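The values are calculated or read from the model by the stated rules, or taken from the named source; none is laboratory data. These figures come from a predicted structure and were not determined experimentally. FYI the Cβ positions are ideal-geometry reconstructions off the backbone, even for glycines, and counts take in every protein chain you see.
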Amino acid sequence: MNKLTPPRGYAQADTEARKTWLKEQTGHQVPDFALDDPENLKGLIENHVGFVGLPQSISGPLKIDGTYAQGDFYVPLCTVEGTLTISMTRGFYLTHRSGGIKTRHVKQELSRAPIFRFQEIEQALNFMEQVDKHYDEIKAAAESTTKHGKLLRIDKIPIHNRVILDFIYHTAEAAGQNMVTMSTDAACRYIVDKLSNGSPYKYYVESNYNADKNPAHRSLIKGRGHHVIASFQIPNRVLKKLLRVTADEIVEALVDKHLGSQMAGLLGMNLHVANALAALYLALGQDVACVAENAIGIATYEKRGDDLYATLSMPSLTVGTVGGATRLNAQRANLELVGCAGGEHSSRKLAEIICASALALEISLAGAIVSNEFAEAHAKFGR
């Protein structure tokens, strides 16, 4: 049995063979599907009536040399798109043969951005001065609602007679969407109660400046959540053998891809990062709606000698290892499989695994398109 690729096939015996293969590689026993107790769903769903089962696959090993993720990882995916798992597996195998994927965690910042409105511009400008003057008290109010979140700074953006306050937080191991909402609401209430001098400020706790669950230039430039960069270098001979393309052909195709992306007005520059994120988020208990803002990564390819050097920058990964659906039985087991079921910096490790997985899928698809095997692969595995 090939250690670097799971056994193939669609029969029940093939599924059992993959479970055995995974246990041999990792010691992880895939649990039988167990429905969560409805009591465990509080805070996740209302009007609960049942469960919808999604098929889960495994891909690996993914070799990572990261800031927090180190070693070989076997990655769970929930998807109903044929070819996705086998394509990611091909990307893992290709990069593993070439030394793996390097990842670097750049920063972790999550924002919530309320907007305050005033009668006059002078009032708005004076308000910004008051926020600076009373920052310590505002910070204390914000952090009073959480044990783990920390307010890093408040960026001030004046527009007309309004001011957007961009509250920037460190959210530890949580994705932190609810955390920053509660903290920012507490801070805004403090500002209204203590700083308004009897004339209450009118505000909304979210201005949409932080682009929560929306693709946006702000997230691409400033980041939201985890910012991770992944890269690898592959010899031309490996590309020709495994993808049936050359480094020159990949780099040439990148020019046309960028032209098409610019014509379409895309945010980010990638082939299908969203595919990887959706499958990973479902399997690992993440907020799937965040794929809309998280899939704005930029992928690039360049020649280094005869080798191909590829990078993927993902500045907006709102993921976590505690909270939300990470407590569900299947998702918790999958987090354990990738070594991210809690602990210090486990959310950063998870973000690196996600970024590396997305890059591996990118190079596999790039190879399929450049070699004109894309349609053939979907005809074989996706129908």
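Some notes on this structure:
- Residue 168 passes every criterion in (1) assigned to a helix (DSSP H, G or I); (2) under 26 Å from residue 345 (Cβ atoms); (3) modelled with pLDDT of 95 or more; (4) of a type outside the set (Asp, Glu) apart from (1).
- Conditions (1) at pLDDT 95 or above; (2) surrounded by fewer than 20 Cβ atoms within 10 Å (Cβ to Cβ); number of the one not met by residue 227: (2)
- Members of the stretch 97-117 that are over 23 Å from the mean Cα position of the chain (by Cα) and not aromatic (Phe, Trp, Tyr): 97, 98, 99, 114, 115, 117
- Within the stretch 217-244, being part of a helix (DSSP H, G or I), closer than 26 Å to residue 319 by Cβ and touching a residue at least 40 places away in the same chain (Cβ under 8 Å) holds for 217, 219, 220, 221, 222.
- Helices (runs of 4 or more DSSP H) completely within the stretch 245-304 that count 1 or more residues being surrounded by fewer than 18 Cβ atoms within 10 Å (Cβ to Cβ): 247-264, 291-294
- Cβ-Cβ under 6 Å pairs, at least 6 apart or on other chains, the stretch 63-78 side assigned by TED's automatic domain parsing to the domain that holds residue 346 and β-branched (Val, Ile, Thr), far side in a strand (DSSP E or B) and surrounded by 20 or more Cβ atoms within 10 Å (Cβ to Cβ): 64/101; 64/103; 67/105; 75/59; 75/60; 75/62
- All conditions in (1) surrounded by fewer than 18 Cβ atoms within 10 Å (Cβ to Cβ); (2) modelled with pLDDT of 95 or more hold for residue 196, with the sole exception of (2).
- Applying the criterion of being in a strand (DSSP E or B) and of a type in the set (Ser, Thr, Tyr) to the residues of the stretch 305-324, the residue that is surrounded by the most Cβ atoms within 10 Å (Cβ to Cβ) is 316.
- Criterion (buried (at least 20 other Cβ atoms within 10 Å of the Cβ) and either touching a Cys at 6+ places or on another chain (Cβ under 7 Å) or among the hydrophobic types (A, V, I, L, M, F, W, C) (or both)) met by exactly one of 44, 54, 84: 84
- The condition of being over 26 Å from residue 336 (Cβ atoms) and in contact (Cβ under 8 Å) with a residue 60 or more places away in the chain holds for only one of 277, 308, that being 308.
- Residue 240 passes every criterion in (1) under 19 Å from residue 364 (Cβ atoms); (2) surrounded by 18 or more Cβ atoms within 10 Å (Cβ to Cβ) apart from (2).
- Criterion applied to 135, 93 was being of a type in the set (Phe, Trp, Tyr) and over 30 Å from residue 196 (Cβ atoms), and the one residue passing it is 93.
- Taken over the stretch 325-342, the criterion of being surrounded by fewer than 23 Cβ atoms within 10 Å (Cβ to Cβ), hydrophobic (A, V, I, L, M, F, W, C), part of a loop (DSSP other than H, G, I, E, B) and out of contact with any Asp or Glu (no Cβ under 9 Å at 6 or more places or on another chain) is satisfied by 341 alone.
- Filter pass, residue 255 being more than 30 Å from residue 189 (Cβ to Cβ), in contact (Cβ under 8 Å) with a residue 24 or more places away in the chain and of a type in the set (Val, Ile, Thr): no
- Residues that are free of Cβ contacts under 8 Å to residues at least 40 places away in the same chain, closer than 26 Å to residue 327 by Cβ and in a loop (DSSP other than H, G, I, E, B) within the stretch 1-34 comprise 27, 29, 32, listed in sequence order.
- Single residue of the stretch 164-179 satisfying the filter (buried (at least 24 other Cβ atoms within 10 Å of the Cβ) and farther than 25 Å from residue 125 by Cα) that is farthest from the chain's Cα centre (by Cα): 171
- Test: residue in the stretch 343-353 that is in a strand (DSSP E or B) and over 14 Å from the mean Cα position of the chain (by Cα): no
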